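Chemist: A single structure is presented below for examination.
The values are calculated or read from the model by the stated rules, or taken from the named source; none is laboratory data. Since the structure is predicted, the reported quantities are computational estimates derived from the model, not experimental observations. We place every Cβ from the backbone using ideal geometry, glycine too, and count neighbours over all the protein chains shown. SASA here: full protein model, heavy atoms, side chains in, ligands and nucleic acids out. Shrake-Rupley method; radii C 1.70, N 1.55, O 1.52, S 1.80 Å.
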Amino acid sequence: MPVDVKEGQEVLMTVESLVEKYGKEKSELIPILQQINKKYGYISDTAIEEISVQMNIPTSHIYSVATFYRMLSTEPRGRHVIQFCESAPCHVAGGRFVWQELQKTLGLENGETSQDEKWTLLTTSCLGVCGIGPVIIIDNDIYGNVTAEQIPIILEKYE
Ligand code: FES
């Protein structure tokens, strides 16, 4: 897809200011990618190329880091990202019904984004709060002891 010139300049300036803030050390790559992901909702090819030029890191390495971490995305995501814990303790606590309800209510499968770009649905492994399973995270909000019946009520809170 061709890159919009204005968008390209905006990304260039963002990368420039982040590299200025964090420095060019390879160890700063993850915080820089996190900031870009936070600002744009994902890390575009343009951003990866700019980081490569400015930090002197091969694009293949940046891409592998950006695709390794679940918190980062190289694909556009919805305005709200739902992470559903699919590990065993949450599953045993009834997570399967929560997952089915999420899929049914949103009409999405794992990894998909709704057509109106409101929601992205993802599964994740244990979030470290098994005692309150089943657990979902929407953006930065953690919901514990979630039941299928609560799903429509929880989703309604998000514009
Ligand atoms: S298994 Fe779901 S939070 Fe640990």
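This table checks each residue for (1) surrounded by 13 or more Cβ atoms within 10 Å (Cβ to Cβ); (2) within 16 Å of the ligand (Cβ to nearest atom); (3) farther than 30 Å from S44 by Cα.
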{"position": "L72", "(1), (2), (3)": "yes, no, no"}
{"position": "E86", "(1), (2), (3)": "yes, yes, no"}
{"position": "P89", "(1), (2), (3)": "yes, yes, yes"}
{"position": "A93", "(1), (2), (3)": "yes, yes, yes"}
{"position": "L102", "(1), (2), (3)": "yes, yes, no"}
{"position": "L106", "(1), (2), (3)": "yes, no, no"}
{"position": "E112", "(1), (2), (3)": "yes, no, no"}
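Chemist: Given the range 64-138, what strands (runs of 3 or more DSSP E) lie entirely inside it while holding 3 or more residues that are in contact with a strand residue (DSSP E or B) (Cβ under 8 Å, 6 or more places away or on another chain) and not hydrophobic (A, V, I, L, M, F, W, C)? If you could, list the steps in order and put the result at the bottom.
Modeler: Values: elements: 80-85, 119-124, 136-138.
The strands (runs of 3 or more DSSP E) meeting that bar are 119-124.
Chemist: Could you please find all residues in the range 36-63 being not polar (S, T, N, Q) and not in a helix (DSSP H, G or I)? Break it down into steps so the answer makes sense when it comes.
Modeler: First, pick out the residues of the range 36-63 that are not polar (S, T, N, Q): 36, 38-43, 45, 47-51, 53, 55, 57-58, 61-63.
Listed by number, the residues that qualify are G41, Y42, I43, I57, P58.
Chemist: Looking for something under 26 Å from E75 (Cβ atoms) and more than 16 Å from the ligand (Cβ to nearest atom) - is there at least one such residue anywhere in the range 125-139?
Modeler: Yes: the range 125-139 contains one or more residues that are under 26 Å from E75 (Cβ atoms) and more than 16 Å from the ligand (Cβ to nearest atom).
Chemist: Collect the residues in the range 11-36 that are open to solvent by 20 Å² or more (accessible area, probe 1.4 Å) and within 22 Å of T113 (Cβ to Cβ), keeping them in residue-number order.
Modeler: Scanning the range 11-36 gives Q34, Q35.
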